[in-house]
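Presented below is the structure to which this report refers.
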Amino acid sequence: MENLANIFVRATFIDNMIFAYFLGMCSYLAVSKTVKTSIGLGVAVAFVLLVTVPINYLINAYLLSPGALARLFEGGAHIDLGYLSFIVFIAVVAAVVQLLEMIIEKYTPALYNQLGIFLPLIAVNCAIMGASLFMQEREYNSIAETFAFALGSGLGWLLAIAGVAAIREKLATANIPAPLRGVGITFIVTGLMAISFMSFLGISI
Amino acid sequence: MKIPLLLGPLSKNNPILAQILGICSALAVTAKMEPALVMGVSVTAVTALASLILSALRDAIPNRVRIIVQLVVVSALVIIIDQLLKAFAYDASKQLSVFVGLIITNCIIMGRVEAFALANKPWPSLLDGVGNGLGYAIILLLVAFFRELLGSGALFGARVIPEALYERGYANNGLMILPPAALILVGVIIWIHRARNKELIES
């Protein structure tokens, strides 16, 4: 349990997707003009992360990692399908996003109207793909750890985009030098937020 | 007529500064010049080849499944790059870690394919891909130049700030190595770029 909490806190605050790895910056910059829409996108990203990372974990552990195929048939021990992981991960992400879009549209039209426009964007959101690749690189040992990591990453991304959107709403009335307006000031604000998030460095439970 | 395709994205129509594409995985590799260079070259190669291939296939791809086709082509190219890096530049590949895989979701590639390659002939698409890839590489190198120079006092791993300066009390700026510095540097670069190209200023 302690280990899970540690992974969760690390993923949310210390290894924050936006502030430490700059993942998902494109939609982060494009959709952070108002708090309401950015929370919608943040929830959608967190949800897709929570579904795709464990699926990719299972595929990686039972099909792609070296020797994993030995469980399925004789002689599988010599096969290493690791080089296929990029293409499999992105296919899983694209398929899950498409599936989610269809399910949400059918059963909860209200939610679909809020998230609908963001869902296709999420398929090429680097935060989703990045989380799957980090999962592979950091070699989590169990599905529970993977869930803790996915939940933490999604929550961290949501916190970041909601925070910057709130600041941008206030900045709309500020007197910013013309060339810095829009994207420029958002970068600098994100940099300052990242410095404040660095105060979490070294925390462990 | 072909020249603007290649040179436009280097400054005025730069993918990072003007189109705001591809920042996703760009900044994490800019703490040093060397990984930034490897990343820039890799992205240029993938962007150019993806634009070329998808432009050649553009009449054969049904519109409804084009995103999947694009993802498959781009991931195949990235897998090749990843294997090449592991074979010939293992250290650089280890330094870039997950960011090689993240070239797949780099918005520049999908953005240029959607916006240009699917509507143009292969040769102009190739030039457009190379131009945008180089525009991306230039910004990476610019950010990495300042971060490595001010943060480690070195360029490409070779020390450039003389020892005598350190003896007189000069110290490397540790903040430059940390992630926030990349964000603030890009903000400043956008500021300077827009001050010189007034038509890009947002209202």
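Here, each number is a calculation from the coordinates, and none is a lab measurement. Source: prediction; values computed, not measured. Please note: Cβ atoms are built from the backbone with ideal geometry, for glycine as well, and neighbour counts cover all protein chains shown.
Quick notes on this structure:
- Spherically averaged projected area of the convex hull of Cα atoms, chain A: 13.6 nm².
- C-alpha long axis of helix B:33-56 to longest principal axis of chain B, angle in °: 10
- Here the protein assembly as shown has an Rg and Dmax of 21.3, 70 Å, counting Cα atoms alone.
- The helix-based estimate of mean residue ellipticity at 222 nm for chain A, built from -39,500 (n - 2.57) per DSSP H run of four or more residues and divided by its residue count, is -21000 deg cm²/dmol to the nearest 500.
- Within 10 Å of each Cβ in A:56-64, the average number of Cβ atoms from other chains: 0
- Qualifying lysines (Cα of each under 30 Å from Cα of residue B:94; at least 8 residues distant if same chain): B:32, B:86
- Taking θ as phi - 60° and the Karplus parameters 6.51, -1.76 and 1.60, the scalar couplings of the range B:15-23 work out to x, 7, 7, 9, 8, 6, 10, x, 6 Hz in sequence order, x denoting glycine and proline.
- Residue B:154 long-range amide H proximity, modeled H, under 5 Å: B:149, B:160
- Working note: Cα atoms of chain B, range along each principal axis, descending, whole Å: 66, 46, 27.
- Helix-only [θ]222 nm of chain B, DSSP H runs n ≥ 4, -39500 (n - 2.57) each, per residue, nearest 500: -19500 deg cm²/dmol
- Within the shell of other residues whose beta carbon sits under 15 angstrom from the beta carbon of residue B:66, the net charge comes to +1, with Lys and Arg scored +1 and Asp and Glu -1.
- Per-residue shielding of B:104-114, expressed as the average number of other chain Cβ atoms within 10 Å of the residue Cβ, stands at 4.
- Taking a span of 18 Å or more along the helix axis (Cα atoms) and a mean Kyte-Doolittle hydropathy of at least 1.0 as the rule, the DSSP H helices of chain A that qualify are A:35-59, A:85-107, A:143-171, A:183-197.
- Between the range B:135-203 and the range A:155-204, the alpha-carbon center distance in angstrom: 20
- Counting all C-alpha pairs of the range B:133-203, share separated by more than 18 Å (%): 50
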